[in-house]
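This report refers to the structure that appears directly beneath it.
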Amino acid sequence: MQQTGIELKGAGGGNRNLDDALRREDDFSASVLDTVRALVLVIDHQGRILRYNHACEKATGYSAGEARGRVFWEFLIPPEDMEGVEATWKTLTADVFPNRHENHWLARDGTQRLISWSNTAMTSEAGELIVIAAGIDITDLTRAEEALRNSHELLNAVTNGTKAIVATLDRNFRYTFFNEAYRDEIKRLSGRNIDIGSSVVETFAHIPEQQKAALKEWSRTLAGEARAYEIEFGEEDVHRRVYFVRHTPIRDASGNVIGAGEVAFDVTERARAEQALKRNAMRDELLSDTAAQLLATDNPQSLVESLCRKVMTFLGCDVFFNFLVNETDGKLRLNACAGIAHDEVRKIEALDCGPTICGCVARDGERIVAENIAATRDPRADLIRSYGIQAYCCHPLTVQGRTIGTLSFGTRSQPRFNADDISIMKSVAAMVVLAMARIKNEQARRESEECLKRAQAISHLGSWDMDVIGNHLTWSDEVYRIFGLQPGELVATYEAFLERVHPDDRAAVNSAYSGSLRENRDLYEIEHRILRKNTGEIRIVHEKCEHFRDSTGRIVHSIGMVHDITDRKGLEKLIEYLALFPAEDPNPVLRVEADGTLKFANAAAKSALKGWELEVNEKVPGFWRELIAEALLKNSPFYHEMKTGGEWFSFCIAPVAWQGY
């Protein structure tokens, strides 16, 4: 401890000499050192142990008397680490402190303990380096957290000029000792300088709330309660920090409490980091739950209000609005909101794109962050300003490049959002967009499937999918109908398919498909008959498939189609039959083009052609061309009788206008 020429006054008010004051101060430090679980060492520049507390004795089995004056690495460091530790120590300079490290200590019984050290240094009057090390035995992790905090406290408590904030009071709340760190911190907290003998009551008299908090804690210690705690102290706009404080009663030889000691550390950054970690965990849980609910629902719009209320609570917001673009009139329709009166809600159920912040975001597809709204005159913010909102952030909901709505949050208690708040809002908006996009895609997929089903039904064309390795076959609904079954009536398998192939065609069909696999062909195609078992009806189908291979070239997957061509086959036969009619007709049949060229004549017309001295591909006589022109002009058939070759014929002259004859 730093020695100062001060005179301390006891509870009775009598003066004590300097030696007594220093003894009490040293006793306080020693009692703190020996009552905590942290290991505390003071080591000179040669590595010799100057101070060795009770925790060190317990951890190693060596007493303070045995350890004091010995070079620490010669008996506390394992042999395999000794050379490195010695080399590092001999190169130490003051500029590497403070620092932290971990190493193993070798106990008297040969066991090793892993110690986490926090180190600082000071220089003696001779300019030699003195290292103060505080550590915790982290071999047992269940004790590590508390011991580490104690080690940080004690490291700074044994010296002045460190980060430790140290002070003692008498029973009248007057300072009997404080170090520079304590004096400077009180100046920042209260704006006042303190001296030995200054009163805590007077120091904080102008800030009653802080005075009350300070006296409450000191009073508990002066009542004999030793305790460690964290406290947030100070005025918000001046200097408010989080401290880890250890209060210890100071007793006289009779055990009476004559004062109180405080060792404190400013742990604001750690507390803020812990708060940030906790907030991050809560944020991640919020976003995870939000994503899960949005992705699980078939109607994300219905969940927006409940989810956004949770986001509002987490962010400390007061309002939120969710608008969706009406595709019919292009206006914004209010889907959900919170934080404004019901009468106001009715006023904004429909908004034009443009005049308001939400309208501009919907129109332009760009986020708008409005800050310090009360002090601005942006006309776009007039609506939300009327609700008392100070900061407002509106995100577009964009699906496939098209803005479908907006999601916004506002607060009445602060003039701006921080980056993390905006990031959370953006994430929630993105999740809402993904959920809505998923629903739209799902609707489009279902509509596409329905269209495909209708198209297959109309064209009598079904599709199938075959997992060759797993022998798993999937039929579309139309395949079932082609086979005379209700969709899903039975489990589709290759064997079930073969059972519905006409018995006379079954072997050929099986050979064609199996052969395509065996011969490693890309395609398989065949026409065959099927037999509908329920009715005995025979249908004709056209099958075609394409095979797909894995990386080794093996066929693992087949996709194909089944087309019911029964009706087409019937029409083909009818067409074939009708095609034979002109040639087989016992009466003359002629086909003459519009320019009078004879293109066809059946056998029965040969006698007539002979009388006209006419051959196919020659021009018919002039009277015939007149008849043809008349038929094309009227665009209706008529009859005409004529004699040729000694025979009378009645001709029906019928135009076929779309064919040009």
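The values are calculated or read from the model by the stated rules, or taken from the named source; none is laboratory data. Since the model is a prediction, treat every value here as computed from it, not as a measurement. Glycine gets a Cβ as well: all are built from the backbone with ideal geometry, and neighbour counts include every protein chain shown. To get the accessible areas, we keep the full protein, side chains included, count just its heavy atoms, and leave off ligands, DNA and RNA. Shrake-Rupley method; radii C 1.70, N 1.55, O 1.52, S 1.80 Å.
Table for the structure above
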read-out: For region 341-348, 3J(HN,Hα) per residue [Karplus equation, 6.51 cos²θ - 1.76 cosθ + 1.60, θ = phi - 60°, Hz, x = Gly/Pro]; value: 5, 4, 4, 5, 4, 4, 6, 10
read-out: Spin-label model distance (nm) - residue 641 vs residue 276, 7 Å beyond Cα toward Cβ; value: 11.4
read-out: In region 232-294, GluC sites (Glu not before Pro) in a DSSP loop with at most 14 other beta-carbon atoms within 10 Å; value: 235, 236
read-out: Accessible area of residue 606 in the full protein assembly, 1.4 Å probe (Å², nearest 10); value: 140
read-out: Highest to lowest packing among 445-451, 180-186, 586-592, scored as the average C-beta count within 10 Å; value: 180-186, 586-592, 445-451
read-out: In sequence order, calculated HN-Hα J values of region 544-559 (Karplus, 6.51, -1.76, 1.60; Hz; x Gly/Pro); value: 8, 9, 10, 9, 10, 10, 8, 5, 8, x, 7, 6, 10, 8, 10, 10
read-out: Residue among 562, 369, 59 farthest towards the positive dipole end of the chain, charges placed on Cβ; value: 369
read-out: Fully extended contour minus Cα-Cα distance, from residue 374 to residue 299, at 0.36 nm per residue; value: 23.3 nm
read-out: Gain upon complete extension [residue 458, residue 490; 0.36 nm per residue less C-alpha separation]; value: 9.2 nm
read-out: Spacing of the two label points (7 Å from each Cα toward its C-beta) at residue 44 and residue 400, in nm; value: 8.3
read-out: Estimated distance in nm for a label pair at residue 187 and residue 350, the labels positioned 7 Å out from Cα along Cα-to-Cβ; value: 6.8
read-out: CD proxy at 222 nm, helix term only [per DSSP H run n ≥ 4: -39500 (n - 2.57); per residue of the chain; nearest 500]; value: -12000 deg cm²/dmol
read-out: Using a Förster distance of 25 Å, the FRET efficiency for residue 474-residue 434 (Cβ separation, nearest 0.05); value: 0.30
read-out: Gyration tensor (Cα) of region 252-405, equivalent ellipsoid semi-axes in angstrom; value: 45, 21, 14
read-out: Potential lengthening between residue 507 and residue 606 on full extension [0.36 nm per residue; Cα-Cα distance subtracted]; value: 30.5 nm
read-out: FRET efficiency, 1/(1 + (r/R0)^6) with R0 30 Å, evaluated for residue 575 and residue 532 via beta carbons; value: 0.70
read-out: Amide H partners (placed H, <5 Å) of residue 404, local residues excluded; value: 397, 398, 399
read-out: Charge-dipole axis of the chain as Lys and Arg at +1 and Asp and Glu at -1 on Cβ define it, positive-most pick from 513, 280, 389; value: 389
read-out: Spatial separation of Cα centroids for region 327-399 and region 535-556, in angstrom; value: 58
read-out: Dipole magnitude of the chain about its Cα centre (Cβ charges: Lys, Arg +1; Asp, Glu -1), debye to nearest 20; value: 1040
read-out: At least 30 Å along the helix axis (C-alpha) and Kyte average at least -0.5, DSSP helices within the chain; value: 419-459
read-out: Residue-by-residue Karplus 3J(HN,Hα) for region 316-326, coefficients 6.51, -1.76, 1.60, Hz, glycine and proline x; value: x, 7, 10, 9, 8, 9, 10, 10, 10, 6, 7
read-out: Whole-angstrom Cα spans of the chain along principal axes, big to small; value: 166, 69, 48
